[in-house]
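**Q** So that we are looking at the same thing, I have put the structure below in structure tokens.
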């Protein structure tokens, strides 16, 4: 169990984007930096979302998205329940700005959160990265699965990490 704070292993230089960043600029940033996602921050530096490569996949497969259809009352009810999900897929497929792609209900860690607790959160929520916020509530860095593995190597197995 790694009791070290996330601040010891997070990427403090991980870039962020604003909600009005274009999808083109986002794609260029991710491609140039070899990233799978970035935190979305407001003008004050508070985390307001996260956008990942998975969100961008809808840009590629937009033509493959099928509108839900219904056959009878039960199918209609199931279709209505999934319509919101379908609408979100379409919104992402035709997104022109990060605000259209991002997940606003983002899980975060604080700089004081232990690596162990952050790893548990990442596992339970099935996320590959956690934006890290400081005591002031502003973005401080990003913890990724690779960062957790490096922490394991460094603190648990005596590697260079």
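A short reminder: the numbers here are calculations on the coordinates, not readings from a lab. Not measured: the values here are computed from a predicted model. As a convention, Cβ positions derive from the backbone with ideal geometry for all residues, glycine included, and neighbour counts pool all protein chains shown.
**Q** Can you tell me the FRET efficiency between residue 153 and residue 13 if r is taken as the Cβ-Cβ distance and R0 is 25 Å, rounded to the nearest 0.05?
**A** It comes out at approximately 0.80.
**Q** Follow-up. Among 50, 149, what is the fewest-to-most ranking by other Cβ atoms within 10 Å?
**A** Result, fewest neighbours first: 149, 50.
**Q** Give me the distance in nm between label points sitting 7 Å out from Cα along the Cα-to-Cβ direction at residue 110 and residue 22, one decimal.
**A** Going from the residue 110 label point to the residue 22 one covers 4.0 nm.
**Q** So how much slack lies between residue 33 and residue 136, counting 0.36 nm per residue of separation and subtracting their Cα-Cα distance, in nm?
**A** 34.4 nm
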